[in-house]
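See structure below.
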Amino acid sequence: MFTLSRLNPLRLLLLLSLWLAACTQTTSAPTAALSPTTPLPTATAVIQRPTATPPPPTDTPVAAQPATTPTPEPPCTNDSSFTGDLSVPDGAQFLPGQPFVKKWSVENTGKCDWGPDYRLVLTSGDSLGAPSEVAVYPARAGTPATWEIPMTAPFTPGQYTSRWQARDPQGNLFGAVVFITIEVIPLPITDTPTP
């Protein structure tokens, strides 16, 4: 029987060395042989550009600005003032059924311009043959204007008054009340000659 004690210590040492070398031997990948003409590999450097960073916060807080909403303009106001009679003075006399045109001088003293939807309407009295409303000639705010209505004297003699006022497109009356007073006189009687 073979025992380690019979071995020469030198042989024993050699045997242990071989055995340890066999246990710890690792295989490595073969390396390529470099010839004198083979260029050596070069390392490529990767350059990283710095990224922009947000500025550091300031110590003073910025107050939030309130959102501004446009202020709506207030609606314009209507007004008028009477400045004079342009035709048919008060108390004028007419024959029954006689046509005439009454004109008043007024001023647009409001802030609204008078457009095509503005009317002059009968507020009281006799219409004197006129419709109950007529269009007002357009007039800008702050300018003079003329209101006129074609009329016809009634057939019955007597005194007649007619009152009128401006009305806006929403149906609101405004401004001065203008009026006309006339007298209808009877037709003159002519004498017929007797045969």
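Brief remarks on what is shown
- Number of the condition not met by Gln165 [criteria: (1) in a strand (DSSP E or B); (2) crowded, with 16+ Cβ neighbours inside 10 Å; (3) touching a residue at least 60 places away in the same chain (Cβ under 8 Å)]: (3)
- Contact annotation: residue pairs with Cβ atoms under 9 Å, 6 or more positions apart or on different chains, pairing a residue in the range 101-121 that is without any contact (Cβ under 8 Å) to a residue 24 or more places away in the chain and farther than 16 Å from Asn172 by Cβ with a partner that is buried (at least 22 other Cβ atoms within 10 Å of the Cβ) and among the β-branched types (Val, Ile, Thr), are Pro116/Val136.
- Options Ser132, Ser127; residue that is small (Gly, Ala, Ser) and either in contact (Cβ under 8 Å) with a residue 60 or more places away in the chain or exposed (fewer than 15 other Cβ atoms within 10 Å of the Cβ) (or both): Ser132
- The numbered conditions (1) surrounded by fewer than 18 Cβ atoms within 10 Å (Cβ to Cβ); (2) over 18 Å from Lys111 (Cα atoms); (3) hydrophobic (A, V, I, L, M, F, W, C) are all true for Phe174 except (2).
- Exclusive hit being farther than 16 Å from Asp79 by Cα and either at pLDDT 95 or above or of a type in the set (Val, Ile, Thr) (or both), set Gly110, Gly129, Gly171: Gly129
- Qualifying positions in the range 135-158 - hydrophobic (A, V, I, L, M, F, W, C) and in contact (Cβ under 8 Å) with a residue 24 or more places away in the chain: Val136, Ala139, Ala141, Ala145, Trp147, Ile149, Met151, Ala153, Phe155
- Tally of residues being outside any loop (DSSP other than H, G, I, E, B) and either more than 49 Å from the chain's Cα centre (by Cα) or not aromatic (Phe, Trp, Tyr) (or both) across the range 140-162: 13
- Scanning the range 101-122 for residues that are among the β-branched types (Val, Ile, Thr) and surrounded by 14 or more Cβ atoms within 10 Å (Cβ to Cβ) returns Val106, Thr109, Val121.
- Within the range 105-135, considering residues that are outside any loop (DSSP other than H, G, I, E, B) and under 14 Å from Thr161 (Cβ atoms), the one farthest from the chain's Cα centre (by Cα): Gly125
The values are calculated or read from the model by the stated rules, or taken from the named source; none is laboratory data. Remember, predicted model here, so these are calculated numbers, not experimental data. Note that each Cβ is placed from the backbone with ideal geometry, even for glycine, and that neighbours are counted across all protein chains shown.
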